[in-house]
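*Asks:* Below you will find the structure I want to go over with you.
The values are calculated or read from the model by the stated rules, or taken from the named source; none is laboratory data. Since this is a predicted model, take the numbers as computed values, not measurements. All Cβ positions, glycine included, derive from the backbone under ideal geometry; neighbour counts span all protein chains shown.
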Amino acid sequence: MSDPIFALDPRQAAIARELYAGVRDLPLISPHGHVDPGLLADDQPFPDPARLIIVPDHYVTRMLLSQGIPPARLGVPRRDGGPVETDGRVIWRLLADNWHLFRGTPSRFWLERTFATVFGVETRLTSATADDVYDAIAAKLAEPGFRPRALFEKFGIEVLATTESPIDDLGKHAKLAADGWGGPGGRVITTFRPDHVVDMDHEAWAENVGKLADLTGEDTGTYAGYLASLRRRREAFIEAGATSSDHGHLTARTANLSEAEAAALFEKGLRGEADAADAETFRAHMLLEFARMSLDDGLVMQLHPGAVRDHNKQLFAAHGRDVGGDIPQATDYVQALRPLLDAYGMDPRLRVVVYTLDEYTASRELAPLAGGYPALFLGAPWWFLDAPDTMRRFREAVTETAGFYNTAGFVDDTRAFCSIPVRHDVARRVDAAFLASLVAQDRLPLDEAAETLADLAYHLPKRIFRLDKKA
Amino acid sequence: MSDPIFALDPRQAAIARELYAGVRDLPLISPHGHVDPGLLADDQPFPDPARLIIVPDHYVTRMLLSQGIPPARLGVPRRDGGPVETDGRVIWRLLADNWHLFRGTPSRFWLERTFATVFGVETRLTSATADDVYDAIAAKLAEPGFRPRALFEKFGIEVLATTESPIDDLGKHAKLAADGWGGPGGRVITTFRPDHVVDMDHEAWAENVGKLADLTGEDTGTYAGYLASLRRRREAFIEAGATSSDHGHLTARTANLSEAEAAALFEKGLRGEADAADAETFRAHMLLEFARMSLDDGLVMQLHPGAVRDHNKQLFAAHGRDVGGDIPQATDYVQALRPLLDAYGMDPRLRVVVYTLDEYTASRELAPLAGGYPALFLGAPWWFLDAPDTMRRFREAVTETAGFYNTAGFVDDTRAFCSIPVRHDVARRVDAAFLASLVAQDRLPLDEAAETLADLAYHLPKRIFRLDKKA
Amino acid sequence: MSDPIFALDPRQAAIARELYAGVRDLPLISPHGHVDPGLLADDQPFPDPARLIIVPDHYVTRMLLSQGIPPARLGVPRRDGGPVETDGRVIWRLLADNWHLFRGTPSRFWLERTFATVFGVETRLTSATADDVYDAIAAKLAEPGFRPRALFEKFGIEVLATTESPIDDLGKHAKLAADGWGGPGGRVITTFRPDHVVDMDHEAWAENVGKLADLTGEDTGTYAGYLASLRRRREAFIEAGATSSDHGHLTARTANLSEAEAAALFEKGLRGEADAADAETFRAHMLLEFARMSLDDGLVMQLHPGAVRDHNKQLFAAHGRDVGGDIPQATDYVQALRPLLDAYGMDPRLRVVVYTLDEYTASRELAPLAGGYPALFLGAPWWFLDAPDTMRRFREAVTETAGFYNTAGFVDDTRAFCSIPVRHDVARRVDAAFLASLVAQDRLPLDEAAETLADLAYHLPKRIFRLDKKA
């Protein structure tokens, strides 16, 4: 099995290995991700290797698409229910035949490490070995030790946050709590993600607002009732263990409307008369409302701006959302965050973790902002940026202005349960290498580097995401 | 002679040298450049060293200009026919006296390697040695083995594409074909570059559209006739070996107008009534038309956006175009390419190679786009970015999302015939060093790195530019 | 004491050390900074360590603020005169208790090196050692050898430029000249910074224009008189040793209005009727006026665009300007500088040194511009970018297009007198390491690297800022 150290020369690599050894076995804190809570609530065996590893992983299917292999040949379901490949082995062979496409990508590394560390399969994947690898993984998946909860323990996960909409009934989390796995301070907790009840551009927004009324008994036909319903759902989420909310808007814009302005906009939306600019203003304003709620209930806010959703129109038409058709765009933070920061940026009770898909804001905007406002922390490089070279560049770009302690630690942000350990492992290795470079250059003593690495890997995310307050 | 390996430490350098040795002598595939086809058609001896190496090289003359040496002192012709330096030796001495300006630049490296590998001159250039170097090169230029065709063979060029306008009569390419050097599958081929018959902002646009009529017999007074004439010229270019078109617009904007809208815009242009916005829309729309033509005739589309032409107004006034007065600007791809990608991005028959002068789009836009659309490939870092550190950064920024196989290989893009080998050599060395860093970090096995390097250096550009289909 | 070499591997580090040794002891040229001239004019002892090192250093106070420590607890004066911490020792302990926040930042490095090289204190700062370090520094501050002029000589400063407004009476500089320390060719000189008499958005603009009249006897109620008064003040600044002006606008915009347009705008401003767009246009135009004045009087122009002043509204309300509340924003140079470059970019008598807070313009805009216009030079990475990794990236991004000789050398830009030597030392170490990487890769011979490093460290800034012309 490869044992990469993302270091620049043998001396730094030696220091990096020493630092990494000190954090390799620390428990995993996963404060932001997209694992289906039903997976752990129901604890059923995983399906075949292709359905586990390829079909739901848009990193993998988009790379194959980029070379002309349609998602249907990889088993990705069609919106029209039309035929797609159903034979896991056939899908698996397609991956093996095109394995060279993944050279230099984190997907290759994540998959190889997952095969090796989770399933004990160290055979190199090629067209010739495709069936062997498939069979070996399939055999493991049939064993009881490879059910989700058993793997959760094997992976050393201390806490895993999933992500749910306010209109989710949190039934899976109730089941987890009943089994001693969930609830406040539990091992599996939820995250409050209100995008689809906030974003008037979403086709089901009005319907979702109606569902909020059903769930809470509040009259969401008024703005005051709408806000009250959101507060009620936050309480329910906190009961299901949530310590944070998540907001995935197109831009980072925030706005601080008067109550009357906000109410007027909300009503315009319900009447179906809001245009794109109205929707943007309402999303921007709701971030201020959520900040106010956070001051009351303590949820940490996460902002994930910058993804143009469903840029690939034909892919969306055929296969729907979240299948690899999103593309980042340039993101402004300096002006966009100003209304939020004017109002609450100096309040240390508020915690806002900001992510980016636009690394070309790192030294210019993100580091100066996080290094200048008590409420602001920088989230881990995300999605397209969750890769060794990019993570390294991010540290190099933000540390000199923001230091380490205005960053919030790694989040895996993944749907792929089995890839959680390797994703954290990569982050630990990259941070070890970056810290080793400081040590090797005589910019930081080794003992402080070791302490910093443990903070980044474990203590910092636990504290910043308020996961250190057991129920 | 220097033998640089662009690697970060001795261990990586050793791996890089091993990888590089495997591709050093592969034939050169040059699918995009600006060598005058008459050079090889006529095969005349080169003029003196200064006229060969300094006068036409805007990388060199602009650097000297930036320190106050006017182009006229370097022999660059004036538009008004006014006097310029004509003594090659005097020009050469000016370069030698200012050689320190080129420290750290690719120009220095290209020139030194050209002196050494093409002309066998290893003397370091200084004020004191200027005449010796000049004389040594001049002596070589007088030998028959230093005529263009002899050098072409010595350089190991397998295929060289030049660039012509649709209103060029392709006479030099006919001569080359007659000599067994040109035509489909030949050693010297053309590229279809229609900018000046598409760009209404160009002062000679209407005149050029008229010339299209003369060349094809189509009535280019109508939009339908204009399109037909372009199709006819593409046929002629394909007969002259072309496998690609090239489009050098200010922005990457594409647009998909209706036929009626496009025709109205075209007619407005012919009436001299089009404004800057009309011209931009028409350019944008024509990229969709060319994509449709490519689906029929198979020409690979190259998009080269982002250069503000003739930013240096006084330089343009004195010396005209292409003398070093262009400056890059920020370029958007995510929204700009959307109309093209909506229409044809999922069609694997189409190949669009996109270049950039704005490296700050690499991880945010270019890699996600190329890694998500079958039709899209990333061209080599271009012009100001065609330099070792920049090329390295580009690989580091795009590989983790797009891999290697959504990139299209190196293009030298040069007017400087004698610099072709060294430019390809630099690209091979940089890619060898980047791959060596992956090997040294245990991120890629050596055998796969070697295969990848050969693909980047030779097989990939040959395949993507459709140069593997001999006539 | 740490002795960092910002090099990537031991071989490069060895070359870097050799190169660095050649420039370590060269005199310091400080053509741009914000030291109070009264410090050297009056030559009084420094106050306690906290008031010297923490209170006025917004790099330090903003980092502590970012983790919730309010500036008042650090002794930063309040605008309302309200209470702030006054016990230097208490402030010092707060820094020591939070020293880990500065890991990986230049502040840590600057402070540690200042403690060690200026005060001879090598104890590592911790909560436990805070008092020892404080006492040791305090003891030194009481010695005569630690007065400003003594330190100036000990630091090896050859020339130090301070920055004054045209409405400053330059009395401190007169005192320095009387003592043989100031005036043309002197050791302490001034810089002409007219922002607050140019920027109509500034609350005291009209008042400041009135003060210009008082100082010069010109009628600044007319545009012609206003220009005349500025010319008169430039003469006075040149008498106080100035060789450059400095312009810190929000953007890099320049504009070339007719005299009538400019006069109309000026009068509109005086009537209090100018809006934000008018103010921006007037600032832009005044850069052209100052360029014209520079052609006459030889002052080098420095442009420092891109800082959003007082982004942190609450911080500004409590503590005023220049306390860490500014944030950079994206900056365009290509279009913004065009009017200036169209008019005077080709005139080698003009020198414009351009700085950036937006490193994501370096290879795209700044290097091509500086490498293409005789009048343009690139200033050192500034403020948030004045740090080892960022400085390295800047060299890597600009050298391949602009070379070394279109950059203007290091400026410390600091208010912190005691940090001047270490800031220059870091720049010399970073450039040594960058040059060493070229040598190690066989891209530059060692002797040329050594010459280049001495130019960057000493000769280049001296020449470009016209500090080589003794009175």
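*Asks:* Restricting to the stretch B:371-383, give me the number of residues that are crowded, with 24+ Cβ neighbours inside 10 Å and either closer than 13 Å to residue B:433 by Cβ or within 14 Å of chain C (Cβ to nearest Cβ) (or both).
*Replies:* Going through the stretch B:371-383 one residue at a time, the tally reaches 1.
*Asks:* For the stretch A:284-302, name all the residues that are surrounded by 21 or more Cβ atoms within 10 Å (Cβ to Cβ), without any contact (Cβ under 8 Å) to a residue 60 or more places away in the chain and in contact with a Phe, Trp or Tyr (Cβ under 9 Å, 6 or more places away or on another chain).
*Replies:* Across the stretch A:284-302, the qualifying residues are A:294, A:301.
*Asks:* Just the residues that are without any contact (Cβ under 8 Å) to a residue 24 or more places away in the chain, within 14 Å of chain A (Cβ to nearest Cβ) and surrounded by 18 or more Cβ atoms within 10 Å (Cβ to Cβ), please, taken from the stretch C:98-133.
*Replies:* C:103, C:104, C:108
*Asks:* Going by what's in this entry, would residue B:366 be described as in contact with a strand residue (DSSP E or B) (Cβ under 9 Å, 6 or more places away or on another chain) and in a helix (DSSP H, G or I)? Before you say what the answer is, go through the steps one by one.
*Replies:* Details: in contact with a strand residue (DSSP E or B) (Cβ under 9 Å, 6 or more places away or on another chain): yes; in a helix (DSSP H, G or I): yes.
It is true that residue B:366 is in contact with a strand residue (DSSP E or B) (Cβ under 9 Å, 6 or more places away or on another chain) and in a helix (DSSP H, G or I).
*Asks:* Let me ask something else. If I filter the stretch B:440-451 for residues that are touching a residue at least 40 places away in the same chain (Cβ under 8 Å) and either outside the structural domain of residue B:368 (by TED's automatic domain parsing) or within 15 Å of the chain's Cα centre (by Cα) (or both), do I get at least one hit? Even if it seems obvious, please write down each step before you answer.
*Replies:* Step one: list which residues in the stretch B:440-451 are touching a residue at least 40 places away in the same chain (Cβ under 8 Å), which gives B:440, B:446, B:449-450.
Those left that are additionally either outside the structural domain of residue B:368 (by TED's automatic domain parsing) or within 15 Å of the chain's Cα centre (by Cα) (or both): none.
No, every residue in the stretch B:440-451 fails to be touching a residue at least 40 places away in the same chain (Cβ under 8 Å) and either outside the structural domain of residue B:368 (by TED's automatic domain parsing) or within 15 Å of the chain's Cα centre (by Cα) (or both).
*Asks:* Hey, among the residues in the stretch C:397-410 that are at pLDDT 95 or above and under 13 Å from residue C:30 (Cα atoms), which one's farthest from the chain's Cα centre (by Cα)?
*Replies:* Within the stretch C:397-410, the first condition is being at pLDDT 95 or above, and the residues that meet it are C:397-408, C:410.
If we keep only those that are under 13 Å from residue C:30 (Cα atoms) too, we end up with C:408, C:410.
Details: C:408: 13, C:410: 10 Å.
Here the answer is C:408.
*Asks:* Right, here's the next one. Is there any pair linking a residue in the stretch A:226-250 that is over 21 Å from residue A:29 (Cβ atoms) to one that is hydroxyl-bearing (Ser, Thr, Tyr), with Cβ under 8 Å and at least six apart or on different chains, and which?
*Replies:* Qualifying pairs under 8 Å: A:226/A:220; A:228/A:216; A:229/A:216; A:229/A:220; A:232/A:216; A:233/A:216; A:234/A:245.
*Asks:* Now, a different point. Give me the helices (runs of 4 or more DSSP H) completely within the stretch A:166-283, filtered to those with at least 1 residues that are assigned by TED's automatic domain parsing to the domain that holds residue A:305 and surrounded by fewer than 16 Cβ atoms within 10 Å (Cβ to Cβ), ordered by residue number. Steps first, please.
*Replies:* Working: elements: A:171-178, A:195-198, A:205-216, A:223-239, A:259-270.
The helices (runs of 4 or more DSSP H) meeting that bar are A:171-178, A:205-216, A:223-239, A:259-270.
*Asks:* Can you name the residue in the stretch B:49-72 that is of a type in the set (S, T, N, Q) and surrounded by 19 or more Cβ atoms within 10 Å (Cβ to Cβ) and, of all such residues, is farthest from the other protein chains (Cβ to nearest Cβ)?
*Replies:* Filtering the stretch B:49-72 down to residues of a type in the set (S, T, N, Q) leaves B:61, B:66-67.
Those left that are additionally surrounded by 19 or more Cβ atoms within 10 Å (Cβ to Cβ): B:61, B:66.
Values: B:61: 10, B:66: 5 Å.
Looking at the filtered set, the residue picked out is B:61.
*Asks:* A further question follows. Residues in the stretch C:413-424: is at least one out of contact with any Leu (no Cβ under 8 Å at 6 or more places or on another chain), surrounded by fewer than 24 Cβ atoms within 10 Å (Cβ to Cβ) and within 7 Å of chain B (Cβ to nearest Cβ)?
*Replies:* No, the stretch C:413-424 contains no residue that is out of contact with any Leu (no Cβ under 8 Å at 6 or more places or on another chain), surrounded by fewer than 24 Cβ atoms within 10 Å (Cβ to Cβ) and within 7 Å of chain B (Cβ to nearest Cβ).
*Asks:* So, of the residues in the stretch C:1-48 that are buried (at least 24 other Cβ atoms within 10 Å of the Cβ) and in a strand (DSSP E or B), which turns out to be nearest to the other protein chains (Cβ to nearest Cβ)?
*Replies:* Looking at the filtered set, the residue picked out is C:29.
*Asks:* Right, here's the next one. From the set of residues in the stretch B:315-337 that are touching a helix residue (DSSP H, G or I) at 6+ places or on another chain (Cβ under 8 Å) and not in a loop (DSSP other than H, G, I, E, B), which is nearest to residue B:251 (Cα to Cα)?
*Replies:* Out of the qualifying residues, it is B:328.
*Asks:* Given the structure, is residue B:321 of a type in the set (Lys, Arg) and either under 15 Å from residue B:199 (Cβ atoms) or away from every other protein chain (no Cβ under 14 Å) (or both)? Full working, then the answer.
*Replies:* Values: of a type in the set (Lys, Arg): yes; either under 15 Å from residue B:199 (Cβ atoms) or away from every other protein chain (no Cβ under 14 Å) (or both): yes.
Yes.
*Asks:* Any residue at all in the stretch A:314-334 that is under 24 Å from residue C:71 (Cα atoms), surrounded by fewer than 24 Cβ atoms within 10 Å (Cβ to Cβ) and either of a type outside the set (Gly, Ala, Ser) or free of Cβ contacts under 8 Å to residues at least 60 places away in the same chain (or both)?
*Replies:* Checking the stretch A:314-334: at least one residue is under 24 Å from residue C:71 (Cα atoms), surrounded by fewer than 24 Cβ atoms within 10 Å (Cβ to Cβ) and either of a type outside the set (Gly, Ala, Ser) or free of Cβ contacts under 8 Å to residues at least 60 places away in the same chain (or both).
*Asks:* Same structure, new question: Is it the case that residue A:149 is under 19 Å from residue A:238 (Cβ atoms), modelled with pLDDT of 95 or more and surrounded by fewer than 20 Cβ atoms within 10 Å (Cβ to Cβ)?
*Replies:* Details: under 19 Å from residue A:238 (Cβ atoms): no; modelled with pLDDT of 95 or more: yes; surrounded by fewer than 20 Cβ atoms within 10 Å (Cβ to Cβ): yes.
Criteria not met by residue A:149.
*Asks:* Let me ask you something else. Mind listing just one residue for me: the one in the stretch C:354-370 that is under 20 Å from residue C:291 (Cβ atoms) and away from chain A (no Cβ under 14 Å) and, of those, surrounded by the fewest Cβ atoms within 10 Å (Cβ to Cβ)?
*Replies:* Initial filter on the stretch C:354-370 (under 20 Å from residue C:291 (Cβ atoms)): C:354-356, C:365-366, C:369-370.
So of that shortlist, the ones also away from chain A (no Cβ under 14 Å) come out as C:354, C:369-370.
On the way: C:354: 23, C:369: 28, C:370: 27.
So the residue we want is C:354.
*Asks:* Another question, if that's okay. Going by the structure shown, is residue B:262 at pLDDT 95 or above and over 18 Å from residue B:233 (Cα atoms)? Before you say what the answer is, go through the steps one by one.
*Replies:* Working: at pLDDT 95 or above: yes; over 18 Å from residue B:233 (Cα atoms): yes.
Yes, satisfied.
*Asks:* Which number in (1) touching a helix residue (DSSP H, G or I) at 6+ places or on another chain (Cβ under 7 Å); (2) without any contact (Cβ under 8 Å) to a residue 24 or more places away in the chain; (3) not in a helix (DSSP H, G or I) marks the one condition that residue A:136 misses?
*Replies:* (3)
*Asks:* Count, please, the residues in the stretch B:207-249 that happen to be under 21 Å from residue B:189 (Cβ atoms) and over 26 Å from the mean Cα position of the chain (by Cα).
*Replies:* 2
*Asks:* Keeping to the stretch B:388-406, report how many residues are touching a helix residue (DSSP H, G or I) at 6+ places or on another chain (Cβ under 7 Å) and within 11 Å of chain A (Cβ to nearest Cβ). Lay out the reasoning, then the answer.
*Replies:* At the first step, the residues of the stretch B:388-406 found to be touching a helix residue (DSSP H, G or I) at 6+ places or on another chain (Cβ under 7 Å) are B:388-398, B:400-406.
Next, only the ones that are within 11 Å of chain A (Cβ to nearest Cβ) stay: B:392-393, B:395-398, B:400-406.
So the count comes out to 13.
*Asks:* Here's something else I'd like to know. Suppose we keep only residues that are among the hydrophobic types (A, V, I, L, M, F, W, C) and in a loop (DSSP other than H, G, I, E, B) within the stretch A:338-363. Which one would you say is farthest from residue C:63 (Cα to Cα)? Talk me through it step by step, then tell me what you get.
*Replies:* Of the residues in the stretch A:338-363, the ones among the hydrophobic types (A, V, I, L, M, F, W, C) are A:340-341, A:343, A:346, A:350, A:352-354, A:357, A:362.
Next, only the ones that are in a loop (DSSP other than H, G, I, E, B) stay: A:346, A:350, A:357.
Working: A:346: 13, A:350: 17, A:357: 25 Å.
Out of the qualifying residues, it is A:357.
*Asks:* OK, next. Out of all the residues in the stretch A:9-61, which are aliphatic (A, V, I, L, M), within 27 Å of residue A:86 (Cα to Cα) and in contact (Cβ under 8 Å) with a residue 40 or more places away in the chain?
*Replies:* First, the residues of the stretch A:9-61 that are aliphatic (A, V, I, L, M): A:13-16, A:19, A:21, A:23, A:26, A:28-29, A:35, A:39-41, A:50, A:52-55, A:60.
In the following step, the residues that additionally are within 27 Å of residue A:86 (Cα to Cα) were identified as A:35, A:39-41, A:50, A:52-55, A:60.
Answer for the stretch A:9-61, where residues must be aliphatic (A, V, I, L, M), within 27 Å of residue A:86 (Cα to Cα) and in contact (Cβ under 8 Å) with a residue 40 or more places away in the chain: A:35, A:39, A:40, A:41, A:50, A:52, A:53, A:54, A:60.
*Asks:* Here are some residues: A:51, A:73, A:62. Which one is at negative phi, under 19 Å from the mean Cα position of the chain (by Cα) and assigned to a helix (DSSP H, G or I)? Lay out the reasoning, then the answer.
*Replies:* Numbers: A:51 fails: under 19 Å from the mean Cα position of the chain (by Cα); A:73 fails: under 19 Å from the mean Cα position of the chain (by Cα).
Within the list A:51, A:73, A:62, the selection yields A:62.
*Asks:* Hey, could you check the stretch A:342-353 for residues that are aliphatic (A, V, I, L, M) and buried (at least 24 other Cβ atoms within 10 Å of the Cβ) and say which is farthest from the chain's Cα centre (by Cα)?
*Replies:* Let us first name the residues in the stretch A:342-353 that are aliphatic (A, V, I, L, M), namely A:343, A:346, A:350, A:352-353.
Among the residues that remain, those that are also buried (at least 24 other Cβ atoms within 10 Å of the Cβ) are: A:352-353.
On the way: A:352: 15, A:353: 12 Å.
Out of the qualifying residues, it is A:352.
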